[in-house]
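The values are calculated or read from the model by the stated rules, or taken from the named source; none is laboratory data. Quantities reported herein were computed from a predicted structural model and do not represent experimental measurements. Don't worry about glycine lacking a Cβ; one is built from the backbone with ideal geometry, like all the others, and counts go over all protein chains shown. Please note that ligands, DNA and RNA were not included when accessible areas were found on the heavy atoms of the full protein model with its side chains. Shrake-Rupley method; radii C 1.70, N 1.55, O 1.52, S 1.80 Å.
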Amino acid sequence: VLNNFFNNTIVEKIIKDYNLYRSRLLQLNYKECYSVHKDLEKRIHIPIKTNSKSFMVFPEDNEIHYLQEGNVYLVDTTHYHTFLNGGKEERIHFVGGYVQ
């Protein structure tokens, strides 16, 4: 269910174009990180604001990824992962659960 506030906006278009659910904006302040966790499904990540010192880390897979602004990423978040922001600005991503 889409909040009426987002009707006829780019948010509605993204949610419909990528068939997303439980979509939200996530902000990670500078010098912070999320706990290591895994999700039940894959997620679409759209970086809105980031910096060169923000990374997505998959510790069990020994992988580190930098997600650039202006791109859309389908991320298999069913593996353990976290996000680190070692930069001096907040990092903001639009994230939604992905239905295949």
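L2 sits with roughly 50 Å² accessible to a 1.4 Å probe, with DNA, RNA and ligands left out of the calculation.
Applying 0.36 nm per residue to the separation of N19 and C33 and subtracting their alpha-carbon distance, the gain on full extension is 2.3 nm.
Give, as a single signed number, the net charge of other residues whose beta carbon lies under 15 Å from the beta carbon of H81, with Lys and Arg counted +1 and Asp and Glu -1. Around H81, the charge tally is -2.
Taken over the chain, lysine pairs spaced eight or more positions apart, or on distinct chains, with alpha carbons under 28 Å apart number 16. Here the relative contact order of the chain, from alpha carbon pairs under 8 Å that lie six or more residues apart, stands at 42 percent.
The structure shown yields Cα Rg over 2.2 N^0.38 Å, and of the options [x] 1.08; [y] 1.02; [z] 1.43 that calculated value carries the label [x]. The accessible surface of the chain, taken with every protein chain in place and a 1.4 Å probe, is 52 percent carbon and sulfur. The order of S23, S54 by accessible area, most exposed first and with a 1.4 Å probe, is S23, S54. Estimated purely from DSSP H runs of n ≥ 4, each contributing -39500 (n - 2.57), the mean residue ellipticity at 222 nm for the chain is -2000 deg cm²/dmol once divided by its residues. Once backbone amide H atoms are built at 1.01 Å from N, K53 has G87 as its partners under 5 Å, excluding neighbours fewer than 5 places away on the same chain.
Annotation: per residue accessible area for the chain equals 65 Å², rounded to a whole number [probe 1.4 Å, protein chains only]. Using only alpha-carbon positions in the stretch 1-56, the gyration tensor eigenvalues give semi-axes of 24, 15, 10 Å once each is multiplied by 5 and square-rooted (largest first).
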